[in-house]
Structures are given as C-alpha cells and as structure tokens.
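Engineer: Have a look at the structure that comes next, please.
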Amino acid sequence: MFLKALFTYDYGQEEMKRIEKLGYDIIVKKEKGIEVTKDIKDIDVLVCYNPFETLEINKLDNLKWIQVSSIGIDQVPKETIKEKNIILTNNRGGYSIPMGEWIVLKILEMLKNSKELYENQKNKKWKIDTSILELYNKTVGFVGTGTIAQEAAKRLQGFGVEVLGLNTKGRDVEYFDKCYANEEIETLYKKSDVVIISVPYTKDTHHMIDEEAFNKMKDGVYLVNIARGSIINEKDMIKALKSGQIKKAALDVFEEEPLPKNSELWDLDNVIITSHSSWMSEMRNERRYNTIYKNMKRYINNEGLINKVNIEKGY
C-alpha cells in the first residue's frame, strides 16, 4: 500500500525516485495558484513551502502530515492543522549555517563601515576612515538561541567577543557565555553592543522589539534582524535610526515584503538592506531534501519525525 504525497517542488529525478522507493506515490505540482483537484484530494502527505493562499487543506480528507521547507511557520493555517490533528514538521537547522555566516558578515560590515567604503569606491573617492571599529571585546546579544543563533555564536568564537543569549528559561546553550531567561531581557539589552533578532515569530513575539525595547538598549546599539520583520515595530525602529539611538541596522526581513519603494528605510544611510537572502546558499536544496527524505523514511516506518512543530507555541 503506497502513501500518496504531493510535492510543490521537484528536487530532481533521482531524488524523487529515492523517495518513491520508500513506498510513496508522488505527485508534483507547482505551488503558485494550486487548488484541490481530484488527483490530490486523497493525499496523505504534503511537502511544500506556502501553497495555503489557494490550497484549502480542510478539503484534503486524508492529509495527516505537512512538511514545510521553511523554518518559520507563520504561513501555515494553524487552526485547520489543529482541528484536523495534522502533524507539522519544518526545516529547522536547514538554513542555519548560511544564516550564521550572514550574521557575522553584517556585524563586521556595520563596524567596519563597509557600506560607506563601497560608496567611496563607486565614486572613486580616496579617503581613510578613522571611525572604523573592532569587533574584539564587544558584547553580542542574541534574542533567541535556536540553531541559527548557535551557528552564528560558534562563528563568533574566534573574535574575542562576549556572546549572550535569551531563551525561555535562561538555559545554557553551547557557544554562549551566558544565557538569560525571558524576564531578564533588559539585562541582555543593557550589556549588548550588538543585538541580533533570531527568535521565531509568534503572537507573543509580534512587535516585541519596540520603542520601549530600544530605550533599554545601549545608546548607539547595532541591530541585525534575520528572523521576521514583524518582530520589530518598524515605525519605532525608523525613529530610533533617525535619532542615532540605533547606530546602524542590517535588515534582511521586513514587516511588508517586498519592502515598499516608499519605505523610509531605503533612504537611511545607517541601514543595510538585503532582500530576505540570508538563508541562500548552494547547499540549500541538498540540506532541505535530506531532511525531507529522512522524515519520509521515518514516517512510512512509523518512527518519530524530526523537527516536529508545536502549533500552540509556534515553533
């Protein structure tokens, strides 16, 4: 008896055959605009990123498990998944290495004034910049100590920095010098020269970084956000960037994506903007596929799945 699986991305002929050999009947359809049709109405498994704008999963009578290719799950219809008791797994850890590298890159770019130096090159302007800073002896604080933060913290070990983290109970995490519980967030803010937003987006973290939070940070703090744009109140951040309360920010995610052309962020000299690119690497599909294959093998053998998401908590 084969299980029926719908993929909204084709990982290649050999890779898909490997999964079929596990005992799956695979259907591949492009994600955009996909709707429930007769050939997919009875699928058992859905492997996708975000087909949920048009795909009404409440009409998929046999659907028991959804594997998403993202780490974040804010795109999934959580209430329907809870009602139908569908298992949800994500790609936790799949993008952590490139994102960890990205965080270190952006910290260095801000401290070393790379944006300004590249502008000088573009304008053929020879000027020595005496305001460049060292990363050595700085304190870097991570709001969230998941796999992305851990990969970044690992890569910061050689820079002679103090690495702090924030998690629910202040549990110790490898590569962090000290971790604080959620209620101690003010202590992390006060100590950190650089603040990294690496916490999952949930109803509890919506706009958790607002004017009140910025007021608790060091004056002239450096900010990096690779999590989700809506964790930060963008209006409050723009105000803090204009006043110099935030010295510089490196932003890969935004409340609205693509970032509207009329956003003030485009025109702020102390902001580095990238287009939700921190997860990109030549290894992304291979790592994503490996997680999917491992889980599909476990599922058909009635074994526990990796990266299972707690819908209530949102991660």
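Engineer: For the chain, set up a GNM with springs between Cα atoms under 10 Å and report which of Ile81, Ile71, Ile132 has the largest fluctuation.
Structural biologist: Between Ile81, Ile71, Ile132, it is Ile132 that shows the largest mean-square fluctuation.
Engineer: Roughly speaking, what is the stretch gain from Glu256 to Tyr293, that is 0.36 nm per residue apart minus the C-alpha to C-alpha distance, in nm to one decimal?
Structural biologist: 10.0 nm
Engineer: I want the antiparallel fraction of DSSP beta bridges within region 82-241, as a percent rounded to 5.
Structural biologist: Working: 1 of 19 bridges.
So the antiparallel bridges in region 82-241 amount to around 5 percent.
Engineer: Place a label point 7 angstrom from the Cα of Lys239 along the Cα-to-Cβ direction, then list the residues of region 211-232 whose backbone nitrogen is under 15 Å away.
Structural biologist: 211-217, 232
Engineer: Given an 8 Å cut-off on Cα distances and at least 6 residues of separation, report the relative contact order of the chain as a percent. All intermediate terms of the calculation are to be shown ahead of the outcome.
Structural biologist: Numbers: 573 pairs, mean separation 47.8, N = 315.
Relative contact order comes out at 15 percent.
Engineer: So what is the calculated 222 nm ellipticity per residue for the chain, using -39500 (n - 2.57) for each DSSP H run with n of 4 or more, over all residues, to the nearest 500 deg cm²/dmol?
Structural biologist: Taken over the chain, the calculation gives -8500 deg cm²/dmol.
Engineer: Just subtract the alpha-carbon distance of Glu211 and Glu312 from 0.36 nm times their residue separation and send over the number in nm, one decimal.
Structural biologist: Stretched out fully, the Glu211 to Glu312 stretch lengthens by 33.6 nm.
Engineer: Also, quick follow-up: What's the local net charge at Asn307, with K and R +1, D and E -1, over the other residues with C-beta under 10 Å away?
Structural biologist: Once positives and negatives cancel, what remains is +3.
Engineer: Let me ask something else. Where both residues lie in the chain, what percent of DSSP beta bridges are antiparallel, nearest 5?
Structural biologist: 5
Engineer: Can you give me the distance in nm between label points at Asp74 and Tyr136, each placed 7 Å from the Cα along the Cα-to-Cβ direction?
Structural biologist: Each label point lies 7 Å from its Cα, and together they span 3.9 nm.
Engineer: Starting from the eigenvalues of the Cα gyration tensor, five times each then square-rooted, give me the equivalent ellipsoid semi-axes of region 96-273, largest first, whole Å. Provide the component values of the computation, followed by the final result.
Structural biologist: Numbers: eigenvalues 126, 79, 43 Å².
In descending order the semi-axes read 25, 20, 15 Å.
Engineer: Which order do the peptides 210-217, 149-156, 262-269 take when ranked by the mean count of other beta-carbon atoms within 10 Å per residue, highest first?
Structural biologist: On the way: 210-217: 16.5, 149-156: 23.0, 262-269: 12.4.
Averaged packing, sorted descending, gives the order 149-156, 210-217, 262-269.
Engineer: Among Lys112/Lys235; Lys115/Lys216; Lys125/Lys218; Lys64/Lys169; Lys190/Lys248; Lys190/Lys313, which pairs are too far apart, with a Cα-Cα distance over 23 Å?
Structural biologist: Violating the 23 Å Cα-Cα cut-off are Lys112/Lys235; Lys115/Lys216; Lys125/Lys218; Lys64/Lys169; Lys190/Lys313.
Computed from the coordinates by the stated procedures, all read-outs in this text should not be read as laboratory data. Note that the coordinates shown come from a computational prediction; the quantities given were computed from them, not determined experimentally. All Cβ positions, even for glycine, are placed from backbone atoms using ideal geometry, and neighbour counts span all protein chains on display.
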